[in-house]
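Colleague: Before we start, here is the structure in question, set down as structure tokens.
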Amino acid sequence: MKLYITFIITLMFSFSLSAQDNNSQQIVKEYVRSGKVSLSSKKSRRSVLDEPFHKLGMSFGISSLGFNIEAATPINEKFKARAGFSFMPPIVQVNKQIEVKDQVLANRIVGGYYPDYKVGFKPSFFNFHMLVDYYPHETVPFHVTGGLYFGVNNIKASGELINPETGEKSVLRPGQEWPTLNVEGYALNIENGNLDATIQMGGLVKPYLGIGYGHVIAKNKLGFNFDLGVLYQGSYKIKQDGKAAVSYKDYESSAINIDKYTSKVKVWPMINFQLTYRVF
């Protein structure tokens, strides 16, 4: 009888251990399935994906420097790198009519008046750029961006001198020659009443600083990115006939005041909207 009772107790204890073991295995499976035990593995996998060239994004957009194409890859979880180029073909023209205050010119024109400069400005931009985006928050796609643009941004100015009252082209008195005009410290030549020049907007290397919202590498296949910032271009230069115009070291006043048109050239406002595509 004692042997029988001992056998029953031993059997029940074995079943209890087996049940506890099965229960423990089930709990472990549920924890693994719920992700509570795989946080380190998830972090490890995410850190690998956030290494350079483990993800690649492409973007196509339009900005205040024209159309742009970019490629982006992560540096780590918080920093992303971008490289690309932007271009604006000379297809947009802004027309202006600016007063020319030059007494020598007025004395040589038939009618003796101050003419207007009827001009069309055509921008032509081409730049390569390298940018780094910093995402301070993991769940919010706000980012701070800095980098460099490399290229030449020009504005072509083509126009003629006209009578401000009649709109007719200005004509010289017999025996007179067109004088050289002082335009913001540059000596520009007039050819048969026409005045053409090119404004080079700053230097070849231009630093950029801005903020943005969106993923430069789309979380899914498609996304968007918006940037707002400033591009420091530096002082502009004026060229004529492909050569740098002669500059006056000291001058009292400019015959043509283009300062209100060139004041925004030094610090160029940047607005950029892009559609992003995740390649892998």
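Colleague: Residue 126 to residue 54: FRET efficiency via 1/(1 + (r/R0)^6), r the Cβ-Cβ distance, R0 30 Å, to the nearest 0.05?
Modeller: 0.45
Colleague: Here's something else I'd like to know. Could you please report the charge total around residue 92, scoring K, R as +1 and D, E as -1 over all other residues with beta-carbon less than 15 angstrom from its beta-carbon?
Modeller: +3
Colleague: Now a separate question. Just to verify a number: FRET efficiency for residue 279 and residue 187, C-beta to C-beta distance, R0 = 41 Å, to 0.05?
Modeller: Calculated value: 0.20.
Colleague: Please list, in order along region 156-164, the HN-Hα scalar couplings obtained from phi with the Karplus expression 6.51 cos²θ - 1.76 cosθ + 1.60 (θ = phi - 60°), rounded to whole Hz, x for Gly and Pro.
Modeller: 8, 10, 10, x, 9, 8, 10, 6, x
Colleague: Let me cross-check residue 137: its accessible surface, 1.4 Å probe, with only protein heavy atoms counted, in Å² to the nearest 10?
Modeller: Spelled out: residue 137, probe radius 1.4 Å, area about 100 Å².
Colleague: What net charge is computed for the residues neighbouring residue 276, neighbours being all others with C-beta under 13 Å from the C-beta of residue 276, Lys and Arg scored +1, Asp and Glu -1?
Modeller: Details: positive: 55, 80, 82, 219, 221, 278; negative: 70, 133, 227.
Around residue 276, the surrounding residues sum to +3.
Colleague: Amide H of residue 224: which non-local residues (sequence gap of 5 or more, or other chain) have their own amide H closer than 5 Å, using H built in the peptide plane?
Modeller: 215, 276
Colleague: Here is a follow-up. Could you tell me which of the pairs 78/206; 206/260; 55/78; 78/219; 118/243 are separated by over 18 angstrom between their Cα atoms in the structure shown?
Modeller: Distance filter (> 18 Å) returns 78/206; 206/260; 118/243.
Colleague: Hey, what's region 105-213 come to in accessible area per residue, 1.4 Å probe, Å²?
Modeller: Accessible surface, normalised per residue, equals 48 Å².
Colleague: Within 12 Å, Cβ to Cβ, of residue 63, how many net charges do the neighbouring residues add up to if Lys/Arg are +1 and Asp/Glu are -1? Could you put the intermediate results ahead of the total?
Modeller: Values: positive: none; negative: 70, 227.
Around residue 63, the charge tally is -2.
Colleague: What is the Cα centroid distance between region 68-146 and region 220-280, reported in whole angstrom?
Modeller: 4 Å
Colleague: In the structure displayed, which of 101/266; 122/237; 156/266 lie more than 22 Å apart, Cα to Cα?
Modeller: Working: 101/266 25 Å; 122/237 16 Å; 156/266 17 Å.
Checking Cα-Cα distances, 101/266 exceed 22 Å.
Colleague: Same structure, new question: Solvent-accessible area of residue 173, probe 1.4 Å, all protein chains present, reported in Å² to the nearest ten, please.
Modeller: Spelled out: residue 173, probe radius 1.4 Å, area about 100 Å².
The values are calculated or read from the model by the stated rules, or taken from the named source; none is laboratory data. Since we're looking at a predicted model, the values are computed, not measured. Don't worry about glycine lacking a Cβ; one is built from the backbone with ideal geometry, like all the others, and counts go over all protein chains shown. All accessible areas refer to the heavy atoms of the entire protein, side chains included, with ligands and DNA or RNA removed. Shrake-Rupley method; radii C 1.70, N 1.55, O 1.52, S 1.80 Å.
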